[in-house]
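Presented below is the structure to which this report refers.
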Amino acid sequence: MLVYTSDLKKLGEGKEVSLRGWVHRYRKLGENKIFIVIRDVKGIAQCVVKKTSVSEKTWSNAENLYIESSLIVRGNLKKDERAPTGVEVVVKEIEPICVGFPYPIQKDYSEEFLLDMRHLWVRSRKLQAIMKARHYIITYLREFLDNRGFFEITPPIFTVSGAEGGSEMFEVEYFGNKVFLTQSSQLYAEAMIFSLEKVYSLAPSFRAEKSRTRKHLTEFWHLEPEMAFYSQEDNMKLQEELVSYAANSLREEEELQSSLELLGVDKETLKISPPFKRIDYSKAIEIVNERGGKIEWGEDFGVDEERLLVEGEKAPIFITNFPSEIKAFYMKEDPKKPGTVLASDMLAPFEHGEIIGGSERISDYKELVEKMKRFGLREENYSWYLDLRKYGSVPHSGFGLGIERFVKYLLNLQHIRDAIPFPRTINRFYP
Ligand code: 4AD
Ligand code: MG
């Protein structure tokens, strides 16, 4: 019976099973015994081959295996307290699928080497656990929005209109024209709300930022919901509910308990619920300065300021009402606090930084044209976007959540590159 490594515990002593997977660890004990730890999608299992109880062929198959050789193993279950799952497979037969070559990843390796070997390192138990969790996290995000009546839309990646400032775009030669890789799908999501009212896109965004930090990628996955008739307050409510839903679902997911354990996730940190704390930007400036930082009104937060702002927090917080000049052109002015916009950044606790940026959008044509002028944007690049304010414009809001930032926060990862299988950073685009 072909089973997964995770099934072994449930099966009785003596039961005959087949496992299919890869050699995770390999140890020869004396002349007559070989321990093979097999890895499959569900976990690992210890197998023992005894020279005296297998055929010559199986023994030589066992002797010739490398780390990461693929194989099928047949044998009988035996209780063993020392085995990782409490049972081991006493091998009767080994059928190699691909013995291959000595595996290049050995015990002593540098970070850079592992990044060069990423195509193989994705098999490591740590990355396996992260990628499983990432899959589930994305599923919860979709699930939440789908249950609220959202439609998923698919935006273009080649664009001419930058959403978040021109200097950070990757240029692409497009049959004699100059186009850019999209920084955000927001503008296209905005176009779609006039048909579908509540939409979201989940797509890559590209930033040519020269930021060499533990939370910047040049290519990241971006979840961007956009909602007709939502105020900024409605927008923030949706964000805190979405984030709480995903965190709690992750905490409770049966399929992920061993992955969370392997990653050392403290599940208490995933117990979060709305409402999240809201701090006005002006107040945030005071807090930063009180806590030993140095920042003036009108400046944007960097890593240090974000760290000070979440000091002692257990759940994410919102910073609201940023000065208009440091935020994107499409954000609506707050009539109650002139000079500031109806926008919020959600900062994750434990120094993971900004995970969401969102705002109410300017829905008035004239107001948008004026703001674009003030920001030095060329109207002709955005004429289609301006059309949205000419024909049946409605108040609307939306936000963008960086999937890798979110995964980094929920799993408490050191570096954002481990939240994506093949990271793209300022100095890495291979493999
Ligand atoms: O704050 P940002 O730049 O906002 C936008 O792009 C809006 N157009 C979103 C919207 O309203 N639809 O980016 C949103 C989020 C950030 O909070 C962060 O989580 C993530 O995208 N992000 C990055 N993630 C990884 N690497 C980078 N270089 C990122 N830049 C932004
Ligand atoms: Mg932002």
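The values are calculated or read from the model by the stated rules, or taken from the named source; none is laboratory data. Everything numeric here is computed off the predicted structure, so don't read it as measured data. Using ideal geometry, Cβ is built from the backbone for each residue, glycine included, and neighbour counts are taken over all protein chains shown. Side chains are part of the model used for accessible areas, which takes the heavy atoms of the whole protein and leaves out ligands, DNA and RNA. Shrake-Rupley method; radii C 1.70, N 1.55, O 1.52, S 1.80 Å.
In the context of the full protein assembly, M331 retains an accessible surface of approximately 20 Å², using a probe radius of 1.4 Å and ignoring ligands and nucleic acids.
Seen against the Cα atoms of the chain and their longest principal axis, helix 125-147 is set at about 40 degrees. For R278 and E367, the FRET efficiency from 1/(1 + (r/R0)^6), where r spans their Cβ atoms and R0 equals 22 Å, is about 0.30.
Simple rule: put +1 on each Lys or Arg Cβ and -1 on each Asp or Glu Cβ in the chain, find the dipole, and look at L145, L127, G353; the Cα lying farthest toward the positive end is L127. Highest average first, the peptides 55-64, 393-402 ordered by how many other beta carbon atoms sit within 10 Å of their residues are 393-402, 55-64.
Based on alpha carbons, the Rg and Dmax found for the range 129-273 are 17.5, 54 Å. For the chain, what % of the accessible area comes from carbon and sulfur atoms, probe 1.4 Å? Exposed carbon and sulfur together represent 51 percent of the surface. At an R0 of 25 angstrom, the distance between the Cβ atoms of F35 and M117 translates into a FRET efficiency of 0.50.
Peptides 284-296, 417-429 ordered by packing proxy, namely the average of other Cβ atoms within 10 Å per residue, highest first: 417-429, 284-296.
Between the alpha-carbon centres of the range 334-351 and the range 218-287 there is a gap of 16 Å. Helices in the chain, meaning DSSP H runs of at least 4 residues, each add -39500 (n - 2.57). Divided by all residues, the mean residue ellipticity at 222 nm is -8000 deg cm²/dmol.
Percent relative contact order of the chain, based on C-alpha pairs within less than 8 angstrom and at least six residues apart?
Relative contact order here is 13 percent.
Highest mean packing first, where packing is the average number of other Cβ atoms within 10 Å per residue, the peptides 219-227, 306-314, 69-77 line up as 219-227, 69-77, 306-314.
With everything on Cα atoms, drop me the angle between helix 281-290 and the longest principal axis of the chain, reported from 0 to 90° to the nearest 10. Once rounded, the angle reads 60 degrees.
Listed by chain and number, the aspartates and glutamates whose alpha-carbon sits under 12 Å from that of K42, ignoring those within fewer than 8 places in the same chain, are D7, E255.
Angle, helix 186-196 long axis vs. longest principal axis of the chain, Cα atoms, 0 to 90°, nearest 10? With both axes taken from Cα atoms, the answer is about 80 degrees. Amide hydrogen proximity for S69: with H placed 1.01 Å from N in the peptide plane, the residues at 5 or more positions away or on another chain lying under 5 Å are V23. Rolling a 1.4 angstrom probe over the protein heavy atoms with all chains in place gives the chain an accessible area of 49 Å² per residue. The relative contact order of the range 1-129 comes to 23 percent, based on Cα pairs under 8 Å that sit 6 or more residues apart.
For K92, the residues 5 or more places off, or on other chains, whose built amide H falls under 5 Å of its own are R74, G75, N76.
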